[in-house]
Amino acid sequence: MKKIIFYVILFTCSVSFAQVFSFMTEENGKIITHRIVIDNEYLIETQFSSDPAEFILTRGGFYTKNGRNFKIEFEFNSNYKMDSLRELEIGQEKYWDKLSSKTLDLDGKWLMAGRMTDNVERRRDISKPRKTMKILKNGYFQWIAFNTETFQFFGTGGGFYTAENEIYTENIQFFSRNNKSVGQVLPFQYSIKNNDWHHQGINSKGDPMYEIWTSRKR
């Protein structure tokens with residue numbers, strides 16, 4: 001039986017925790033990638049394998065620091081039906097491999113705020129418990145659909161991205177709804193208007209889309 005591994009680097013208080021890390025474990029001959037995205041208030045761990053492509057789990061939420069430990073209050077846990085975890089406290093064990101630390105356009109947490117259809121902007125209420133969030137950090141992205149009230153998990157996908165000259169390109173490395181989407185490269189046009197990210201192009205199903213995301217404050 002695989003032992004769940006969850007490690008974190010602890011820095012001095014003056015250092016930002018906005019980082020992306022990765023480490024590998026092995027289970028029954030399968031190499032599992034653990035990707036950890038941390039900003040100054042939110043932490044997500046995702047597990048997936050690349051050969052063959054398979055999504056395993058993701059979980060994350062806001063954290064508080066208590067001495068040398070982080071206490072994470074999960075907003076989502078795709079494995080909740082199996083482990084019933086809504087929170088987790090973690091401390092220093094060993095270091096992870098630090099991935100790119102280059103800040104790119106669009107880095108931050110975003111909530112799906114609406115769509116543009118027939119040139120009409122149709123907004124959704126982002127204060128409701130049903131949320132779709134996308135986090136981008138240092139060239140890596142992940143979207144997650146979840147309900148903070150019922151703790152339902154609806155799906156996730158992610159990988160690495162570039163954003164320059166108003167072209168945002170996703171390279172999909174994991175996708176909970178369809179492993180066949182792994183490897184797709186999806187370019188989109190983007191622009192920032194006030195606190196909104198306007199995002200348009202062709203989605204993983206081959207359908208046109210125009211999404212509006214807004215910066216998440218909390």
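Just so you know, all these numbers are worked out from the coordinates, no wet-lab data involved. Given the structure is predicted, the values throughout are model-derived calculations rather than measurements. Glycine also receives a Cβ, built like all others from the backbone with ideal geometry; neighbour counts cover every protein chain displayed.
Some notes on this structure:
- Rounded to the nearest whole Hz, the Karplus-based 3J(HN,Hα) values (6.51 cos²θ - 1.76 cosθ + 1.60, θ = phi - 60°) of the stretch 120-133 follow the sequence 10, 7, 10, 8, 10, 7, 7, 7, 6, x, 7, 10, 10, 10, with x at glycine and proline.
- Checking the Cα-Cα distances for K102/K128; K30/K65; K30/K128; K98/K128; K65/K98; K81/K102 against a 31 Å cut-off, the pairs over it are K102/K128; K30/K65; K30/K128; K98/K128; K81/K102.
- Modelled spin labels at R123 and T103, positioned 7 Å past Cα toward Cβ, are 2.8 nm from each other.
- Between T162 and Y210, the C-beta separation translates, for a Förster distance of 25 Å, into a calculated FRET efficiency of about 0.80.
- Ranked list, fewest to most other Cβ atoms within 10 Å of each Cβ, for K98, K81: K81, K98
- Karplus-derived HN-Hα couplings along the stretch 81-90 (A = 6.51, B = -1.76, C = 1.60, θ = phi - 60°), whole Hz, x at Gly and Pro: 5, 9, 10, 6, 7, 10, 8, 7, 10, 10
- Residues Y168, Y190, sorted so that the one with the fewest Cβ neighbours within 10 Å comes first: Y190, Y168
- Residues whose amide H lies under 5 Å from that of L99, counting only those 5 or more places away or on a different chain, are V20, F21, S22; hydrogens are built 1.01 Å from N in the peptide plane.
- Of the residues M133, M116, the one with the fewest other Cβ atoms within 10 Å heads the list, and the complete ranking is M116, M133.
- Panel values: the stretch 108-215, Kirkwood radius from alpha carbon pairs, Stokes-Einstein at 25 °C and 0.890 mPa s, translational diffusion coefficient 170 µm²/s.
- For E27, the residues 5 or more places off, or on other chains, whose built amide H falls under 5 Å of its own are I32.
- Listed candidates (1) 1.24; (2) 1.06; (3) 1.01 - label of the one calculated as Cα Rg over 2.2 N^0.38 Å: (3)
- DSSP loop GluC sites (Glu not before Pro) with at most 15 other Cβ within 10 Å excluded, longest remaining stretch of the chain: 94-148
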